[in-house]
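What follows is a single structure, written as structure tokens, with notes after it.
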Amino acid sequence: MPIKWDDSYSVGIEEIDNQHKKIIKIINQVLEIIEEESLDDNLKTIIKELIDYSNYHFKFEEDYFEKFNYEDKDSHLEKHGEFRAQLMKISQEFKDDKMEAAYQIIDFLENWLIDHINGTDKRYIECFQENGL
């Protein structure tokens, strides 16, 4: 079942909300590929897109952490690092067992996305808004 954007996911900053919506769209593409069982090149391409776009999104946030001297920066950077490491691990496992890796990706992404947006990301809202973002 596709993930639907819910206003409770909003961090109140349009650019970041749009980036989160794009990540949800990519996750939903992974779900669609699994349902269609067209895993080979399609899933590999989407995983690469997810890695690339996540890196873009994280850099966007991290640049503002620096600019605004965000006090919880180190903890947030650690979460981004954990995400990257887990996604790379699953990406490597894709070579051995495509279907299992696909399900691992979905499970990981669905849980991470909601927890990260509603937890970790919402902690920086006040700092970002106080600095005019």
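The values are calculated or read from the model by the stated rules, or taken from the named source; none is laboratory data. Just so we're clear, the structure is a prediction, and the values are computed from it rather than from any experiment. Please note: Cβ atoms are built from the backbone with ideal geometry, for glycine as well, and neighbour counts cover all protein chains shown.
Observations
- Residue within the stretch 94-107 that is of a type outside the set (Gly, Ala, Ser), closer than 21 Å to residue 20 by Cβ and touching a residue at least 24 places away in the same chain (Cβ under 8 Å) present: yes
Matching residues to (1) surrounded by fewer than 17 Cβ atoms within 10 Å (Cβ to Cβ); (2) among the aliphatic types (A, V, I, L, M); (3) closer than 24 Å to residue 10 by Cβ; (4) at pLDDT 90 or above:
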site	(1), (2), (3), (4)
38	yes, no, no, no
72	yes, no, yes, yes
90	no, yes, no, no
116	no, no, yes, no
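- Pairs linking a residue in the stretch 71-93 that is more than 11 Å from residue 105 (Cα to Cα) to a residue that is assigned to a helix (DSSP H, G or I) and of a type in the set (A, V, I, L, M), with Cβ atoms under 9 Å and 6 or more positions apart or on different chains, are 84/51; 92/101.
- Of all residue pairs spaced 6 or more apart or on separate chains, those with beta-carbon atoms under 9 Å, a first member in the stretch 1-24 that is without any contact (Cβ under 8 Å) to a residue 24 or more places away in the chain and a second member that is in a loop (DSSP other than H, G, I, E, B) are 17/5; 17/10; 17/11; 21/5.
- The stretch 70-95, residues that are within 21 Å of residue 119 (Cβ to Cβ) and outside any helix (DSSP H, G or I): 70, 71, 72
- Residue that is farthest from residue 37 (Cα to Cα), among those in the stretch 91-110 that are of a type in the set (A, V, I, L, M) and within 14 Å of the chain's Cα centre (by Cα): 109
- Any hit, the stretch 113-131, residues being part of a loop (DSSP other than H, G, I, E, B) and under 20 Å from residue 57 (Cα atoms): yes
- Identity of the residue in the stretch 74-88, surrounded by fewer than 15 Cβ atoms within 10 Å (Cβ to Cβ) and of a type in the set (A, V, I, L, M, F, W, C), that ends up modelled with the lowest pLDDT: 88
- Meets criteria (in a helix (DSSP H, G or I), in contact with a Phe, Trp or Tyr (Cβ under 6 Å, 6 or more places away or on another chain) and closer than 23 Å to residue 18 by Cβ) for residue 56: no
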